[in-house]
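The structure under discussion appears below in the form of structure tokens.
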Amino acid sequence: MAEKCYLEDVKKDVISLPSKDQTFPKEARILKKGLFKNLFERGSRFRGDFCIIDYLLTNKEIRKLGITASAKQGCAVKRNIFKRLSREIFRTHKELLPPGCFIGIRPKGKIENVTFTSMLQDFEAFARHLNKPR
């Protein structure tokens, strides 16, 4: 039987609406199945506390984001909140990533009590991981 989910059951941080110059353009999204497949097959993986980030460094200038969340990981309300938080963090903190970085983000297990702060910590840890000398 499907899990019942109500908006008041989900904790989330309040985020103000972005101005026109702070939107998430279509060019910055991974939308095609082939790009996701390429990312998962040829890319590397970073595991945070709340999400798993697959990434691929390319020679392009633009940074791209793809988000996946299956029905097994939570009800639609929780999945949509996870996706909104992911987009907002990427949109406001993408400068931490090197140019040409394509990332695919997904929840780690069931989506429970994911907040903006906790996801931001995962994203910052991922950015530190990418930027450390090799």
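Key figures for this structure:
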quantity: Test: residue in segment 78-85 that is polar (S, T, N, Q), modelled with pLDDT under 95 and assigned to a helix (DSSP H, G or I); calculated: yes
quantity: Residues satisfying the stated conditions in segment 57-68, i.e. outside any loop (DSSP other than H, G, I, E, B) and either under 25 Å from LYS110 (Cα atoms) or of a type in the set (Phe, Trp, Tyr) (or both); calculated: LYS64, LEU65, GLY66, ILE67
quantity: Any hit, segment 114-123, residues being without any contact (Cβ under 8 Å) to a residue 60 or more places away in the chain and in a strand (DSSP E or B); calculated: no
quantity: Residues being assigned to a loop (DSSP other than H, G, I, E, B), charged (D, E, K, R) and under 13 Å from the mean Cα position of the chain (by Cα) - total across segment 27-48; calculated: 0
quantity: Which listed residue is polar (S, T, N, Q), surrounded by fewer than 20 Cβ atoms within 10 Å (Cβ to Cβ) and farther than 19 Å from ARG29 by Cα, from ASN59, ASN80, ASN113; calculated: ASN113
quantity: Search result, residues across segment 17-52 that are at pLDDT 90 or above and either at positive phi or β-branched (Val, Ile, Thr) (or both); calculated: ILE30, ILE52
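The values are calculated or read from the model by the stated rules, or taken from the named source; none is laboratory data. Not measured: the values here are computed from a predicted model. Note that each Cβ is placed from the backbone with ideal geometry, even for glycine, and that neighbours are counted across all protein chains shown.
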